[in-house]
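Heads up: the structure comes next, in C-alpha cells.
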C-alpha cells in the first residue's frame, strides 16, 4: 500500500538547549588553551601554534552551524560540517601531537617508512588556513545564493514502502554476499557498484526501521544479523575506515530521524578509534600474512583476540607488548601518522616545484574515464597513484612498490597546480560540497530520498584519498541506484495484484 512521503515539521527546532551553545564554546576554548599549552614544549613556533588553533576553529564552524540550525533547515547529513571537522582534526589538532613521531636515534621525525627532514612551518600552516577558509567561504556563499533554486533528488512522490522494502533487502543481501565471498571481488566493476549500492540498501532499511516501516522480525534481522555480519567482514579485513564511516552514518541518520543529537555516540566513536587503532598494525600482520587461509569468522576472531591481548586479557597467547604498552607514546605513533595530513601538505609545499615538479593534473586524469564501466573497457587504467605519490615525496622507500599513501584533496591540489590551483580548487570543492548537500540530502526531499542520499554522499566528508577515486564514481552510482529503485518500483507495481 502506498503512503505519502512524510517531511519533518517545518518549524520544529532541534532540542539543543541554550546552555549547550555555551558548553560548545567553552569546550572549544578549553581545548585550544590546552593544545597551545602543550605546544610550548614542542619545536613548533608560536605562530604555527596560533595558526593551527585558527584552523581548528574555522574547520569547526560548519559543524557548529549545522547543530544550531532548525530541523527544517538542516541537511539530512552534515556533509560540510563533518568535512570541516575532518580538516580541524587532520590539519589542526594533529599538529599539536607531531612530537610523537620524533625518533631519538635519527634525531628527526619518522613519517611512514623512513626518517626525513619533514617539519611543520608557518608557511604550510597558512596554506591550510587559506585553503579551508576558501572552501568554507565558497560553501557559505553558494548556500545563500544558489541552493534555494537547486533541484533535489526525487525517486517517488507517494512512496510505496512495501516495494522499497523488497528492493532494499535485495541490495543488502547482495552486498553481504559480496563481502563474504572473496572471489566476487575479482569481477570487474562489481565492487565499485556493489559496495555503495549495498550501503544504500542497508541505510534505507535502517531508516525504515526507525520510522517503523519494517516488521519487528525484519528490524531484528537487520540489527542482530546484517550489522554483525557486515562488521565482522570489515574486522576480518582489518579495515577501520569503513567501520568509522558506517558508524558515523548511523549516528547522523539517527540525529536526522529523531531530531536530536546522540552526544554519547558522537563522543564514543573517536574514543573507540583511539582504543583500536594502536593495535591495527599487529592485527593486519596476522590477518594479511602470506598463506593465511582463515575464513571470515576465524579472521574476525583472531582480530578480536589480538585487540584484547593488547589490553592484557591474554586470550590464548602471551601479551608481547612490553615495549609498546597501551597508553605509551609508541602506541600512538600509528594514530598520529594516520591523522597527520598537515605533515603531508607541509612536505609537498616545501618540495614542490624546487625538488619535485608539479604533476600538472595527472592525478585528475582518471575522471575522464570514470563514467565508462570496466566491464565495457577491460583495459581501463587503474588508479594506483598512491604508491607513486609515496615514493615521489619520499614517504616510502624508492624500492617499495606495494604500499601506497593516501593523497588528500588539498595536498593533491598543490602537488598538481601549486598555490593558485590549491586556493581555486578548494573554493570549487566548497561549491561542490554545497551542491551535493542540496541535491542528495536536502531537507526538501522525502525520507526515501534522504536515506538514499545519505548513503551515497556520506563517504565524501573524509577528503583523504585522491579526488577522482572518491568522487569520480558518484554520478554513475547515483544514476544506477536511482534507476534500480525507479524501475524496481514500477515492476513491482505491475506484478502485484
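Quick note: the coordinates plus some simple rules give every number you see, no bench work behind them. All figures in this text were calculated on a predicted structure; none of them were measured in a lab. Every residue, glycine among them, receives a Cβ derived from its backbone with ideal geometry; neighbour counts consider all protein chains shown.
What percent does the relative contact order of segment 161-330 come to when contacts are Cα pairs within less than 8 Å and at least six residues apart?
Across segment 161-330, relative contact order equals 18 percent.
Arrange the peptides 93-103, 444-454 so that the one whose residues have, on average, the most other Cβ atoms within 10 Å appears first.
Per-residue Cβ counts within 10 Å, averaged per peptide and sorted highest first, yield 444-454, 93-103.
How large is log10 I(q)/I(0) at q = 0.13 Å⁻¹ when the Debye formula is applied to the Cα atoms of segment 161-330, each weighted equally and without solvent?
Log-scaled intensity ratios, in q order: -0.76.
How big is the chain on each of its three principal axes, counting only the C-alpha atoms and giving the largest first in Å?
76, 56, 50
Give, in nm to one decimal, the length gained when the segment between residue 420 and residue 121 is fully stretched (0.36 nm per residue of separation minus the Cα-Cα distance).
105.7 nm
Fewest Cβ neighbours within 10 Å first, please rank 142, 241, 157 accordingly. If you can, show how the numbers build up before the last one.
Numbers: 142 20, 241 14, 157 9.
By the 10 Å Cβ count, ascending, the order reads 157, 241, 142.
For residue 45 and residue 177, FRET efficiency with R0 = 41 Å and r from the beta-carbon atoms, rounded to 0.05?
0.15
How many nm is it between the label spots at residue 351 and residue 275, if each spot is 7 Å from the Cα in line with the beta carbon?
Those two pseudo-labels are separated by 3.7 nm.
What is the fewest-to-most order of 80, 470, 232 by other Cβ atoms lying within 10 Å of their Cβ? Intermediate results must be reported in sequence, preceding the final value.
Numbers: 80 26, 470 15, 232 19.
Neighbour counts put them in this order, fewest first: 470, 232, 80.
Taking the simple approach of a point 7 Å from Cα along Cα-to-Cβ for both residue 293 and residue 330, what is their distance in nm?
With each label placed 7 Å out from Cα toward Cβ, I get 3.5 nm.
On full extension of the chain, what length is gained from residue 140 through residue 285, given 0.36 nm per residue of separation minus the C-alpha to C-alpha distance?
Between residue 140 and residue 285, full extension yields an extra 47.7 nm.
Along Cα→Cβ, 7 Å out, is where each label goes; now give me the distance between the ones at residue 184 and residue 267 in nm to one decimal.
3.9
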